[in-house]
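The values are calculated or read from the model by the stated rules, or taken from the named source; none is laboratory data. Note that the coordinates shown come from a computational prediction; the quantities given were computed from them, not determined experimentally. Every residue, glycine as well, gets a Cβ built from its backbone with ideal geometry; the counts of neighbours run over all protein chains shown.
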Ligand code: BES
Ligand code: ZN
């Protein structure tokens with residue numbers, strides 16, 4: 001089967017990069033990165049006459065092959081998703097196995113989607129500008145000319161000149177992380193050269209850069225561990241960031257090593273980004289990026305850290321070959337994340353996470369009612385189709401449930417975890433397809449269990465799970481309900497009270513929530529949202545008065561509350577408040593740039609008051625990350641200028 005990456009124009013099957021050397025200068029005044037990317041390539045076939053790189057909105061200044069300038073490189077027409085192919089003719093046709101070096105001098109431009117340069121007002125400290133990247137899935141080509149496919153893995157080294165501290169998804173060579181900030185020079189004024197090295201081959205979507213007034217604080221590492229771990233943030237957020245993550249991060253990583261094997265990236269740092277960061281977390285190697293909305297003050301959102309560090313094996317270690325097999329990254333990571341919840345906390349915690357995931361999955365499947373191909377686990381992307389548009393909980397939760405179903409079919413964790421170790425040992429460092437994964441699964445259980453296990457595997461409806469669309473899972477799954485039960489019971493009591501129109505007769509109290517943690521409160525709100533009939537407006541006002549959901553600083557709770565009330569008769573009452581919250585013109589003071597929060601709220605707002613949704617978005621548009629801008633616009637039916 002021909003299974004080439006449908007999102008890349010590069011000729012990586014003919015010739016592929018092994019290593020990239022970046023030499024960059026960050027120019028905060030002009031909001032660009034200027035420099036060179038030097039590729040060490042190896043031909044995979046005979047008679048290769050050119051190397052083709054993906055680029056998007058890059059200004060190419062010059063190209064050298066083997067140290068000699070070439071004039072006849074070409075930059076192709078701009079494809080809306082795939083960008084412009086940079087074709088570099090090779091002076092001699094290469095034969096399989098031969099090496100070539102290609103140096104490209106270039107600069108990024110303001111239209112690119114990988115980088116967001118923030119004004120100092122958009123940061124916590126309000127004194128220095130900030131820069132960060134988001135390359136997954138196809139934005140690395142907006143940062144540098146690369147073969148932008150997860151099927152190619154490269155090592156990289158970089159030297160970056162900047163007047164603000166620079167972090168990359170790699171190991172710091174100099175100046176030392178734990179030395180004085182900015183090598184003791186004047187922050188914001190003096191140029192410092194930051195040297196990094198990533199000796200483990202990684203796909204291009206894991207290239208990452210951040211620069212700003214960033215400080216470091218190390219965590220204590222369990223005895224015997226050779227890796228280091230710590231947190232980076234602006235100084236104003238350091239105390240909160242350190243408190244939130246210092247207790248758990250290293251023990252989570254140690255727990256993951258127990259089931260997946262040694263951590264191979266040497267450093268596991270967290271970086272707390274400004275509010276426009278569009279995701280909850282991003283598993284950039286050596287340096288997980290996280291949204292500042294994780295700073296809940298009660299360590300209740302550290303599940304995101306478990307998720308991101310689990311990618312060290314699933315995604316960063318074993319990588320999906322291309323967008324169609326994205327579930328191998330996220331489904332596996334989500335499955336193992338929940339196994340870790342069971343090991344670290346209890347089986348009930350695994351159950352609660354599965355229940356929250358299942359609700360998010362049903363919402364995602366319903367949202368794709370008119371786009372059934374995105375309801376499938378393996379998405380058959382057309383050439384040049386945008387994977388950002390397909391992004392949803394489907395690969396996460398259909399994927400995690402599929403693996404849970406296989407685990408249970410084969411006899412539980414005891415049987416499954418040894419297989420997981422073998423899977424990792426076999427494909428660590430490789431980029432694979434669903435078919436390769438499935439063949440290995442069969443081969444493993446043929447060897448370890450024989451006929452009985454093969455029979456069990458054959459009982460699975462592979463086609464339904466992998467290739468069929470639909471509004472639900474192919475199999476009804478059961479989860480541990482211990483922690484969900486009290487939340488559901490409270491919601492059910494509210495629902496039963498809906499015919500009591502005299503609010504003073506209701507016996508709910510603020511303390512009803514005392515024994516529910518953050519995840520259980522989320523389940524409570526979701527249960528209320530799930531009833532066919534919504535609660536009457538007076539009930540919702542009363543509920544909010546008692547539980548203060550419209551005041552909570554937890555974005556996880558607040559967005560669920562708005563989801564609930566914007567679908568009710570109280571919608572008109574709350575719509576302006578939801579608008580203010582999402583763009584931060586309220587007590588929170590910051591936009592909710594994480595797409596998990598802003599996209600549903602904009603969608604719900606637009607159903608209540610479309611004009612308000614549009615004017616709210618327009619008012620704050622440029623504060624959102626370019627990727628979020630384009631997806632919110634798409635959700636609202638707006639036509640932004642093509643990227
Ligand atoms: N790798 C993803 C984020 C991502 C996926 C960015 C696809 C761009 C394209 C990351 O690991 C992730 O899944 N983040 C989640 C965290 C959650 C599942 C705990 C998020 O941002 O919500
Ligand atoms: Zn993930």
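When the residues of region 261-284 are narrowed to those that are within 13 Å of ligand 2 (Cβ to nearest atom) and farther than 16 Å from residue 244 by Cβ, which ends up surrounded by the fewest Cβ atoms within 10 Å (Cβ to Cβ)? Top of the filtered list is 279. Condition check for residue 428 on (1) surrounded by fewer than 17 Cβ atoms within 10 Å (Cβ to Cβ); (2) within 21 Å of the chain's Cα centre (by Cα); (3) closer than 26 Å to residue 80 by Cβ: one failure, at (3).
The set of residues in region 121-143 being farther than 27 Å from residue 330 by Cβ and either touching a helix residue (DSSP H, G or I) at 6+ places or on another chain (Cβ under 9 Å) or assigned to a strand (DSSP E or B) (or both) consists of 122, 123, 124, 125, 126, 127, 128, 129, 130. Can you confirm whether residue 465 is within 30 Å of residue 438 (Cβ to Cβ) and either crowded, with 16+ Cβ neighbours inside 10 Å or assigned by TED's automatic domain parsing to the domain that holds residue 341 (or both)? Criteria met by residue 465.
I'd like to know if region 220-235 contains one or more residues that are more than 16 Å from ligand 1 (Cβ to nearest atom), under 18 Å from residue 116 (Cα atoms) and over 20 Å from the mean Cα position of the chain (by Cα). Yes, region 220-235 contains a residue that is more than 16 Å from ligand 1 (Cβ to nearest atom), under 18 Å from residue 116 (Cα atoms) and over 20 Å from the mean Cα position of the chain (by Cα). Restricting 348, 321 to those that are modelled with pLDDT of 95 or more, away from ligand 2 (no atom under 16 Å from the Cβ), surrounded by fewer than 24 Cβ atoms within 10 Å (Cβ to Cβ) and within 18 Å of the chain's Cα centre (by Cα) reduces the list to 321. Quick check: is even one residue across region 510-522 outside any helix (DSSP H, G or I), farther than 26 Å from residue 607 by Cβ and in contact with a helix residue (DSSP H, G or I) (Cβ under 8 Å, 6 or more places away or on another chain)? Looking for residues that are outside any helix (DSSP H, G or I), farther than 26 Å from residue 607 by Cβ and in contact with a helix residue (DSSP H, G or I) (Cβ under 8 Å, 6 or more places away or on another chain), one finds at least one in region 510-522, hence yes. Of all residues in region 300-348, those satisfying the criterion of being in contact (Cβ under 8 Å) with a residue 60 or more places away in the chain, within 9 Å of ligand 1 (Cβ to nearest atom) and within 17 Å of residue 151 (Cβ to Cβ) are 326, 329. Please verify whether residue 167 is closer than 22 Å to residue 106 by Cα, in contact with a helix residue (DSSP H, G or I) (Cβ under 6 Å, 6 or more places away or on another chain), outside the structural domain of residue 281 (by TED's automatic domain parsing) and buried (at least 24 other Cβ atoms within 10 Å of the Cβ), treating the condition exactly as stated. When the stated conditions are applied, residue 167 does not pass them. Which number in (1) closer than 20 Å to residue 513 by Cβ; (2) in a helix (DSSP H, G or I) marks the one condition that residue 551 misses? Result: residue 551 passes all but (2). Among the residues of region 399-417, are any within 13 Å of ligand 1 (Cβ to nearest atom) and under 21 Å from the mean Cα position of the chain (by Cα)? For region 399-417, residues within 13 Å of ligand 1 (Cβ to nearest atom) and under 21 Å from the mean Cα position of the chain (by Cα): present. For region 285-304, a tally of residues being part of a loop (DSSP other than H, G, I, E, B), within 15 Å of ligand 2 (Cβ to nearest atom) and surrounded by 24 or more Cβ atoms within 10 Å (Cβ to Cβ) returns 2. Based on this model, can you work out whether residue 39 counts as within 26 Å of residue 200 (Cα to Cα) and in the same structural domain as residue 134 (by TED's automatic domain parsing)? So residue 39 fits the description; yes.
Yes/no per residue for (1) under 26 Å from the mean Cα position of the chain (by Cα); (2) at pLDDT below 95; (3) part of a strand (DSSP E or B):
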{"site": "2", "(1), (2), (3)": "no, yes, no"}
{"site": "6", "(1), (2), (3)": "yes, no, no"}
{"site": "12", "(1), (2), (3)": "yes, no, no"}
{"site": "17", "(1), (2), (3)": "yes, no, yes"}
{"site": "42", "(1), (2), (3)": "no, no, yes"}
{"site": "49", "(1), (2), (3)": "no, no, yes"}
{"site": "62", "(1), (2), (3)": "no, no, yes"}
{"site": "87", "(1), (2), (3)": "no, no, yes"}
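If you go through region 359-398 one residue at a time, how many are within 11 Å of residue 326 (Cβ to Cβ) and under 16 Å from the mean Cα position of the chain (by Cα)? Counting residues in region 359-398 that are within 11 Å of residue 326 (Cβ to Cβ) and under 16 Å from the mean Cα position of the chain (by Cα) gives 7.
Taking region 262-273, which residues are outside any strand (DSSP E or B) and in contact with a helix residue (DSSP H, G or I) (Cβ under 6 Å, 6 or more places away or on another chain)? Matches in region 262-273: 263 only. Residue 333 passes every criterion in (1) in contact with a strand residue (DSSP E or B) (Cβ under 8 Å, 6 or more places away or on another chain); (2) more than 10 Å from ligand 2 (Cβ to nearest atom); (3) closer than 29 Å to residue 240 by Cβ apart from (2).
Total residues in region 622-635 satisfying the condition of being under 16 Å from residue 600 (Cα atoms) and surrounded by fewer than 19 Cβ atoms within 10 Å (Cβ to Cβ): the figure is 2. Only one entry in 56, 49, 10 is surrounded by fewer than 15 Cβ atoms within 10 Å (Cβ to Cβ) and in contact (Cβ under 8 Å) with a residue 12 or more places away in the chain, namely 49. Tell me whether region 563-580 contains one or more residues that are surrounded by fewer than 22 Cβ atoms within 10 Å (Cβ to Cβ) and closer than 26 Å to residue 131 by Cα. Yes, some residue in region 563-580 is surrounded by fewer than 22 Cβ atoms within 10 Å (Cβ to Cβ) and closer than 26 Å to residue 131 by Cα.
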